Number of protein chains: 2
Amino acid sequence: MFDRVAFVGFGLIGSSLARIMIRDGLAGHISVTARTQATLDTVTRLELADSVTLDATEAVRDADLIMICTPLGAYGAVAKEIGPHLKDGAIVSDVGSAKQIVSREIVPHMPDGVHVVPGHPVAGTENSGPEAGFAELFMGRNCILTPDDGVAEQAIEKISALWKAAGMSVEMMSAHHHDQVLAITSHLPQLIAYTIVDTAEQLGEDLKHEVIKYSAGGFRDFTRIAASDPTMWRDIYLENSDALLDILGRFNEDLTHMRRAIRRGDGDTLHEVFTRTRAIRRGIIDAKQDKLEDQKT
Amino acid sequence: MFDRVAFVGFGLIGSSLARIMIRDGLAGHISVTARTQATLDTVTRLELADSVTLDATEAVRDADLIMICTPLGAYGAVAKEIGPHLKDGAIVSDVGSAKQIVSREIVPHMPDGVHVVPGHPVAGTENSGPEAGFAELFMGRNCILTPDDGVAEQAIEKISALWKAAGMSVEMMSAHHHDQVLAITSHLPQLIAYTIVDTAEQLGEDLKHEVIKYSAGGFRDFTRIAASDPTMWRDIYLENSDALLDILGRFNEDLTHMRRAIRRGDGDTLHEVFTRTRAIRRGIIDAKQDKLEDQKT
């Protein structure tokens with residue numbers, strides 16, 4: 001599919017994609033560049049690349065596809081560094097969880113003749129790093145592409161085919177709309193999970209010990225979510241702050257509404273909300289975004 | 001273990017416990033009473049009881065153990081109804097998620113010679129009803145007993161042995177302390193999950209459709225939690241409102257702190273919190289309250 005692929009950054013997502021490329025023979029040569037030698041050593045040990053280098057400009061030279069898999073906060077610096085070294089006709093894509101940032105931070109540094117196709121494979125675990133990756137990560141999930149108007153159709157098709165090979169359904173939408181949808185489905189839930197676990201973390205030691213012990217309820221799910229990579233998530237919140245602050249405002253209103261109902265002993269309001277929320281769950285199961293077997297906590 | 005057991009209410013927890021009693025031969029006779037004939041028909045079809053009746057007083061007659069498995073809101077009425085019909089020496093226990101309510105709503109209606117041992121098996125799924133139960137539900141989880149001072153040691157021992165037979169570790173604590181711990185580990189996470197899913201539910205139809213479609217992130221976990229039984233949870237919030245409102249206040253402060261950091265672009269604060277929360281997850285895995293295999297979302 002590609003003669004030469006360069007990964008800039010190589011964590012859970014990048015290494016999972018590389019595993020697929022190797023499994024299915026989608027790339028003639030895979031080069032990986034990362035910020036630390038330790039990461040590169042791991043990549044070599046796992047045999048996930050044909051070449052590794054700390055020098056991003058060397059990694060991207062002659063590459064047909066450059067896949068940026070760093071945290072969002074590194075996008076500007078990476079683009080500025082690699083831009084002048086890209087081959088004419090190369091495709092630059094990424095896997096970040098916010099998409100308006102690509103037009104803002106990457107596109108301005110790209111030479112003419114380079115195609116930018118921003119992508120977001122909506123999949124993940126709370127584990128990070130190249131060892132956490134696995135080829136089945138993307139199976140049955142959605143990948144959202146947000147190319148600007150005027151990007152070559154052929155480049156979009158190639159990125160689309162790549163993610164389909166990974167087992168994903170591929171959808172197009174505007175970067176702005178993507179950032180709104182993800183603020184609700186991903187960024188807010190993640191922030192809430194971090195916050196509630198931190199609220200527990202700051203309790204007295206005795207109580208904290210018991211919180212851990214009796215965490216079989218919903219709290220356990222929150223702690224799993226809240227174990228995700230801090231740098232990745234910090235960057236998401238900084239980059240998608242507008243959409244997130246908007247939805248956070250709505251959530252706060254709704255939570256205050258619930259709190260008021262609890263304080264007043266208004267069981268009807270509580271019951272009404274709790275009944276309504278079941279419908280969304282049903283929709284998700286119908287949309288096959290979750291398996292029935294996952295339901296047992 | 002018991003000659004005659006009566007279940008008052010028979011949902012996920014009650015029916016799971018009955019399955020264990022049948023599997024291990026822990027009860028000579030199981031009688032079930034429930035609010036509707038439809039539930040009793042299901043119980044009969046599933047062969048989970050030796051007798052079923054809509055008349056609670058009939059179900060509890062001559063029972064050695066009366067297990068109250070109704071939503072918390074029914075406790076007072078149930079206790080008042082069955083109290084005069086209990087055998088001398090009978091043990092009354094329950095499985096509710098709030099425990100101070102037992103002294104308030106059940107104990108006053110109990111005749112002398114009846115032993116009240118409140119219990120809370122900390123386990124569950126978001127499914128409800130007798131068909132949702134299964135014998136392995138309690139395996140490896142904790143059960144908290146909160147008997148008042150002066151309750152016969154022998155009665156506590158029998159309830160303890162029952163939950164141990166179900167595969168649980170049994171712990172004692174005061175009802176007040178239980179309600180504090182569970183407000184954090186269970187009641188608040190559940191409320192947050194309900195609220196965030198409802199926030200999404202109230203979005204415009206277009207956006208809602210996409211929220212369902214791209215729910216692979218944290219949101220999916222929240223919808224699973226938010227599909228739980230509305231009546232059960234309404235009653236928990238009404239009954240444990242003091243502890244919940246206290247922890248909700250703390251959570252609100254912490255969320256405002258995060259929101260402020262996002263609005264100001266304060267990445268250091270975000271990163272610090274996101275790093276701290278990983279420690280709690282580690283504690284939970286160490287405490288074996290979750291399996292590593294569960295970690296993949």
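The values are calculated or read from the model by the stated rules, or taken from the named source; none is laboratory data. Source: prediction; values computed, not measured. Here Cβ is always computed from backbone atoms with ideal geometry, including for glycine, and neighbour counts include all displayed protein chains.
Is segment B:174-187 home to any residue that is in contact with a helix residue (DSSP H, G or I) (Cβ under 8 Å, 6 or more places away or on another chain), among the charged types (D, E, K, R) and within 14 Å of chain A (Cβ to nearest Cβ)? Looking through segment B:174-187, at least one residue is in contact with a helix residue (DSSP H, G or I) (Cβ under 8 Å, 6 or more places away or on another chain), among the charged types (D, E, K, R) and within 14 Å of chain A (Cβ to nearest Cβ). Taken together, the criteria exclude A:Val52 from residues that are away from every other protein chain (no Cβ under 14 Å) and either farther than 21 Å from A:Arg23 by Cβ or among the hydroxyl-bearing types (Ser, Thr, Tyr) (or both).
Restricting to segment A:228-237, name every residue that is assigned to a helix (DSSP H, G or I) and either in contact (Cβ under 8 Å) with a residue 60 or more places away in the chain or touching a strand residue (DSSP E or B) at 6+ places or on another chain (Cβ under 9 Å) (or both). Let's see the steps before the verdict.
The first filter runs over segment A:228-237 and keeps only residues assigned to a helix (DSSP H, G or I), leaving A:230-237.
A:Thr231, A:Met232, A:Arg234, A:Asp235, A:Ile236 - these are the residues of segment A:228-237 that are assigned to a helix (DSSP H, G or I) and either in contact (Cβ under 8 Å) with a residue 60 or more places away in the chain or touching a strand residue (DSSP E or B) at 6+ places or on another chain (Cβ under 9 Å) (or both).
With the requirement that a residue be in a helix (DSSP H, G or I) and surrounded by 18 or more Cβ atoms within 10 Å (Cβ to Cβ), what does segment A:1-25 give you? Listed by number, the residues that qualify are A:Leu12, A:Ile13, A:Gly14, A:Ser15, A:Ser16, A:Leu17, A:Ala18, A:Arg19, A:Ile20, A:Met21.
Taking segment B:247-267 as the range and being at the interface with chain A (Cβ under 7 Å from one of its Cβ atoms) and not in a helix (DSSP H, G or I) as the test, only B:Gly265 passes. Of the listed requirements (1) at pLDDT below 95; (2) of a type outside the set (Val, Ile, Thr); (3) more than 15 Å from A:Met232 (Cβ to Cβ), A:Ser97 misses just one: (3). Scanning segment B:124-142 for residues that are over 17 Å from B:Gly11 (Cβ atoms) and buried (at least 20 other Cβ atoms within 10 Å of the Cβ) yields one hit, B:Asn142. Can you find, within segment B:61-98, the residue that is surrounded by the fewest Cβ atoms within 10 Å (Cβ to Cβ) among those that are part of a loop (DSSP other than H, G, I, E, B) and under 22 Å from the mean Cα position of the chain (by Cα)? Checking each candidate, the answer is B:Pro71.
Looking at the structure I just gave you, is A:Asp94 free of Cβ contacts under 8 Å to residues at least 40 places away in the same chain, farther than 17 Å from A:Ile106 by Cβ and either in the same structural domain as A:Glu136 (by TED's automatic domain parsing) or hydroxyl-bearing (Ser, Thr, Tyr) (or both)? First the steps, then the outcome.
Details: free of Cβ contacts under 8 Å to residues at least 40 places away in the same chain: yes; farther than 17 Å from A:Ile106 by Cβ: no; either in the same structural domain as A:Glu136 (by TED's automatic domain parsing) or hydroxyl-bearing (Ser, Thr, Tyr) (or both): yes.
No: the conditions fail for A:Asp94.
Residues that are assigned to a loop (DSSP other than H, G, I, E, B), within 15 Å of the chain's Cα centre (by Cα) and not assigned by TED's automatic domain parsing to the domain that holds B:Pro130 occur in segment B:205-227; there is at least one.
Taking (1) outside the structural domain of A:Arg19 (by TED's automatic domain parsing); (2) touching a residue at least 24 places away in the same chain (Cβ under 8 Å); (3) in contact with a helix residue (DSSP H, G or I) (Cβ under 7 Å, 6 or more places away or on another chain) in turn, A:Ala200 satisfies each apart from (2). Per this entry, A:Leu244 is counted among residues that are assigned to a helix (DSSP H, G or I) and more than 20 Å from B:Leu248 (Cα to Cα).
List the strands (runs of 3 or more DSSP E) that sit entirely inside segment B:109-192 and contain at least 1 residues that are closer than 16 Å to A:Lys213 by Cβ and not acidic (Asp, Glu).
B:119-121, B:142-145, B:169-172
Can you tell me which residue within segment B:26-60, out of those that are part of a strand (DSSP E or B) and of a type outside the set (A, V, I, L, M, F, W, C), is surrounded by the fewest Cβ atoms within 10 Å (Cβ to Cβ)? Break it down into steps so the answer makes sense when it comes.
Within segment B:26-60, the subset part of a strand (DSSP E or B) is B:27-33, B:51-53.
With of a type outside the set (A, V, I, L, M, F, W, C) added as a condition, the list becomes B:28-29, B:31, B:33, B:51, B:53.
Details: B:Gly28: 13, B:His29: 15, B:Ser31: 23, B:Thr33: 28, B:Ser51: 16, B:Thr53: 17.
Among those residues, the one meeting the criterion is B:Gly28.
Within segment B:193-203, restricting attention to residues that are of a type in the set (S, T, N, Q) and assigned to a helix (DSSP H, G or I), the residue that is surrounded by the fewest Cβ atoms within 10 Å (Cβ to Cβ) is B:Thr199. On the basis of being more than 16 Å from B:Gly124 (Cβ to Cβ) and buried (at least 23 other Cβ atoms within 10 Å of the Cβ), does B:Ile236 make the cut? Against the criterion (more than 16 Å from B:Gly124 (Cβ to Cβ) and buried (at least 23 other Cβ atoms within 10 Å of the Cβ)), B:Ile236 does not qualify.
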